[in-house]
Structure formats: structure tokens, C-alpha cells
1. Please list, in order along segment 33-44, the HN-Hα scalar couplings obtained from phi with the Karplus expression 6.51 cos²θ - 1.76 cosθ + 1.60 (θ = phi - 60°), rounded to whole Hz, x for Gly and Pro.
2. Grab the Cα-Cα distance for GLN313 and ILE216, subtract it from 0.36 nm times how many residues apart they are, and report the gain in nm with one decimal.
3. Quick one: if the Förster radius is 45 Å, what FRET efficiency do ASN121 and ASP273 give, using the C-beta to C-beta distance and rounding to 0.05?
4. How high is the FRET efficiency between GLU204 and ALA348 when r is their beta carbon distance and R₀ equals 45 Å, given to the nearest 0.05?
5. Nearest 0.05, what FRET efficiency do ASP289 and GLU97 give at R0 = 51 Å with Cβ-Cβ as r?
6. Keeping all protein chains in place, calculate the accessible area per residue for segment 174-320 (probe 1.4 angstrom), answer in Å².
7. Arrange the peptides 195-207, 10-22 so that the one whose residues have, on average, the most other Cβ atoms within 10 Å appears first.
Amino acid sequence: MASTTTQTGKIPATVITGFLGAGKTTMIRNLLTNAGGRRIALIINEFGDLGVDGEVLKGCGAEACTEDDIIELTNGCICCTVADDFIPTMTRLLERENRPDHIIIETSGLALPQPLVAAFNWPDIRTQVTVDGVVTVVDSAAVAAGRFADDHDKVDAARAEDDNLDHESPIEELFEDQLTAADLIVLNKTDLIDADGVAAVRAEVASRTHRKPAMIEAQNGEVAAAVLLGLGVGTEGDIANRKSHHEIEHEAGEEHDHDEFDSFIVELGPIADPNAFVARLKDVIAAHDVLRLKGFADVPGKPMRLLIQGVGQRIDQYFDRPWAAGETRSTRLVVIGLHDMDEAAVRAAIAAAV
């Protein structure tokens, strides 16, 4: 069995971050099926109570990472609960008789990676684990469409009237924070845009961070394990150079919270026509500016569960695994959006889409 244990004897950990729908889970699934004999432990932090990413990864059947090696933290913001959730989880993992060769942590698409990386300096952890690197996954098609940028002409006009205007939206700030933390940036979904679009995305991403980490292109989250693992950075020792907007605000005495984003679960009955349902969901997303929609659906007459994952106007659907014996067939979707999203209206619109 190949091992990635560092020369210092510490277990390497890779933090994989990126905004909602960037393709983190798909990339990890590909990685687990091509792990080169490494025993991998996976910690997943999701926003919302329905552990969709964990369910997807548990169904991949990779020998490198069994269900027992997958740990889910569904509190939504690992950066705010490092002491309460993450550190005890790491401690239990390190106390196992069969310790992993490598640890992979998938952060929520709304989480700040900086406080998580800083937690590796915790006394009981720093002697046993090191951050091999932070990998930030970028949805190239979303960047090309301007989803992470304000209308700068409009902002400049507003600034002329108010010099104190904060031009950055919560989405834009978080996008920059995740790039600032990176040791490697993966421009995913480049197959959805042309060569000029890819060049424009490269320039846009590079302009969003003063650091200049390596940047690679990918399609469908397909990146070799040799590229993602073994970076050997020891990022926890450089975290002071990667401060997020919120950390800077902390230093200025401002309070940090994640009230900019909300999530809720919609439970529905069976979906008789999934194609029509997905088409109507696109209209719901467009009308209510939903950031992310993901979950599972019960399709009558089908022995398998339908996975639904949407970001922007792109919604993927496929049957991921059979319903387990004794498992209640149901349709449950997590909806994530900004805090001013009209939950009642979104719930009603999704219910009407069935």
C-alpha cells in the first residue's frame, strides 16, 4: 500500500474548498477511485442538514475510502465550529488503530478555509498532522458568466455618491477568500466555455488574490491524485499570509457571522416525470436567485435513487444507487440562497414544479 506520510512522520491532510457547485464532490469521487493504494479518511462539511455530498461519496464504492472512513459534519460552517466539532473529530480519527495514509477535508461551499487551516496548529493535532495543501475548485463557467462579480459600472456610479460603499457582495468576498487560501487552484468545467473564455477566467481568478498559486484546468473534476496529493506545503505555517475578509474584520473589531446565507430542506412526494420537474426547477432557480439546489428524488417504477444537483441554470440528474432495503423512498432537496431569499415562495414554487 502506497503511503503519503510526510518525512516528519505526520499524516498529510488536503483541504478542498470552492464555492457551491464548483465540482468538489465530483473531484473527490474521482480521486477516491484512483487513490493509488492510499487509505484515505474523508471529512465532509455541508451547509444544511441533508448530507448529499456524503451520500454521493459513500455510494462510489472506492476501496481506498470505506463508509467508516467518511465523517460528516452537517453544521454548515466548519470555520465557526472548529473547537466544538472539527478538533474532536480529528482527535478521534487519530486515535484509530488503523490510521489513514491521507486525510481529505471537503469544506462547505460557504465555508472559510482559513480558520480550518489554522486549527491544524492546535497542540494535539500539529504534532501528528500537517496540511499538505489547500485546493480551491473554481466553476469556470460561472466565473465566465460573471456570477462572482458585481456590476462594477453600477458600483462606480454609486461610489461617486457614497465613498463608504462596500462594493463586495457576500458571494464575491467568499470567492476571494477561498482563492486567497489556495495552494492549487483547479479551474473546473472548462469544457463548458471556449478558449477565450478560459483565458478570461484565468485572468479574472488571478486578479482576485495577491498570492499566485499554481492554476490548472479540469473537466468533470478529473485531476490525477499525483497532482492533488503530495504538495507538501505545510499550509498551517503560512496561514498568517492568507487572511480572509472576515479575519481582517475581526482584527478591526467587527463581528463575524454567516447570516448572509440561508438553507432549508424541501420534502416532496414521488417525481413521476423527472425531466419536466428539472426543467421547472430551472425556472424556480432563475426567478428566486437560488444559489444551489441538491438532493434526491423518488421516481416511481425506478429501483434507483435519482440524484439532483443544480447550480445556476445547470442541473445534473442521474440515478446514483439502488434504494437500500428498508430505506424509505422520498424526495428531499436542500435549497441554499442569500438570507433575503423568500423561503415560502421558493417552497411553493418547487412544490408546484412536481
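The values are calculated or read from the model by the stated rules, or taken from the named source; none is laboratory data. Note that the coordinates shown come from a computational prediction; the quantities given were computed from them, not determined experimentally. Cβ placement follows ideal geometry from the backbone for every residue including glycine, while neighbour counts extend to all protein chains displayed. Quick note on the areas: whole protein, heavy atoms, side chains included, nothing else; ligands and nucleic acids left out. Shrake-Rupley method; radii C 1.70, N 1.55, O 1.52, S 1.80 Å.
1. After applying 6.51 cos²θ - 1.76 cosθ + 1.60, I find 7, 9, 7, x, x, 6, 8, 10, 9, 10, 10, 10 Hz.
2. Gain in length upon complete extension: 32.4 nm.
3. On the way: r = 52 Å, r/R0 = 1.16.
Between ASN121 and ASP273 the formula returns 0.30.
4. Values: r = 36 Å, r/R0 = 0.81.
After rounding, the FRET efficiency stands at 0.80.
5. Details: r = 49 Å, r/R0 = 0.95.
Efficiency, rounded to the nearest 0.05: 0.55.
6. Numbers: 6710 Å² over 147 residues.
Result: 46 Å² per residue.
7. On the way: 195-207: 14.5, 10-22: 24.8.
In descending order of packing, they fall as 10-22, 195-207.
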